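The values are calculated or read from the model by the stated rules, or taken from the named source; none is laboratory data. The model shown is predicted, which means the values in this text are computed figures rather than measured ones. Here the Cβ positions follow ideal geometry from the backbone for every residue, glycine too, while neighbour counts run over all protein chains shown. Protein only, heavy atoms only, side chains kept; ligands, DNA and RNA dropped before computing areas. Shrake-Rupley method; radii C 1.70, N 1.55, O 1.52, S 1.80 Å.
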Amino acid sequence: MTDVEIRPATEADLAAATEIYEHAVRYGTATFELIPPDLAEMTRRFKALMDGGFPYFVAAIEGRVIGYAYAGPYRPRPAYRFTVENSVYLQPAIHRRGIGARLLQRLIAECEARGYRQMIAVIGDSANAGSIGVHARCGFAMIGTHPNVGFKFGRWLDTVMMQRALGDGAATLPVAS
Ligand SMILES: CC(C)(COP(=O)(O)OP(=O)(O)OC[C@H]1O[C@@H](n2cnc3c(N)ncnc32)[C@H](O)[C@@H]1OP(=O)(O)O)[C@@H](O)C(=O)NCCC(=O)NCCS
């Protein structure tokens, strides 16, 4: 397969990320957003992640961005500060070629290097076999399902919670408090 480059995202990548996410919002149930955010909003979100010290990666083939993954705060209250929530999205045409797993592995390694201790995936739709599968492949355990908490495309949707420890997890105390 053509070489896939995984690298940190820059603002120049956000037009492609906006397009990829727009498709997921319009046609998919992985995200519970109903209106696709525009480039300005995706840029605002990107900057908030950068300012907060969170990683954001893209996957590119021959210079063209075909996927992205980032980590952000799981919840805003400060005791959650060593826990991140992840997101990963690819162009539909290149699903199931190992690229999602590579993006997620890179994100996990970077979050470990930055001292985070737990990563949580909140997966829209218990029928989302691709997302559940890629997280299981990357070491996430199934925590459980929140049944019928979303409503999109005229039907009720579950969220599936998966989680993996990062680095020492809870075996040691964090370096910074
Ligand atoms: C979820 C997503 C990022 C996965 O990326 P991907 O590149 O397609 O997944 P990979 O090829 O890396 O798959 C890794 C493993 O996950 C599992 N997997 C991936 N897709 C699967 C599917 N459709 N059904 C079952 N298992 C699947 C498999 O175990 C696979 O390994 P294998 O192909 O060697 O069997 C991608 O499908 C996507 O963008 N989906 C739409 C958006 C989305 O759901 N994002 C997640 C939000 S939480």
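A few comments on the model shown:
- Carbon plus sulfur fraction of accessible area for the chain, probe 1.4 Å, in percent: 54 percent
- Normalised alpha carbon radius of gyration of the stretch 1-59 [divisor 2.2 N^0.38 Å]: 1.20
- The equivalent ellipsoid of the stretch 112-177 has semi-axes of 29, 12, 9 Å, largest first, where each one is the square root of 5 times an eigenvalue of the Cα gyration tensor.
- Residues whose amide H lies under 5 Å from that of R97, counting only those 5 or more places away or on a different chain, are absent; hydrogens are built 1.01 Å from N in the peptide plane.
- Pairs of Cα atoms farther than 19 Å apart, the stretch 68-125, %: 33 percent
- Mean Kyte hydropathy of 0.0 or more with a Cα span along the axis of at least 20 Å, helices from DSSP in the chain: 99-113
- Accessible area (Å², 1.4 Å probe, nearest 10) - C138: 10 Å²
- Spin-label pair A93/E5, simplified geometry with 7 Å Cα→Cβ offset, distance in nm: 1.9 nm
- Restricted to Cα atoms, the chain shows a radius of gyration and a Dmax of 15.8, 47 angstrom.
- In the chain, the DSSP-assigned H stretches of four residues or longer account for a calculated mean residue ellipticity at 222 nm of -9000 deg cm²/dmol, using -39500 (n - 2.57) per stretch and the full residue count as denominator.
- Dipole of the stretch 1-75, positive direction: furthest Cα of M50, I66, T2, with charges on the beta-carbon: M50
- Between the stretch 54-99 and the stretch 25-42, the alpha-carbon center distance in angstrom: 15 Å
- In loop segments of the stretch 36-91 as defined by DSSP, there are no trypsin sites (Lys or Arg not before Pro) with at most 13 further C-beta atoms inside 10 Å of their C-beta.
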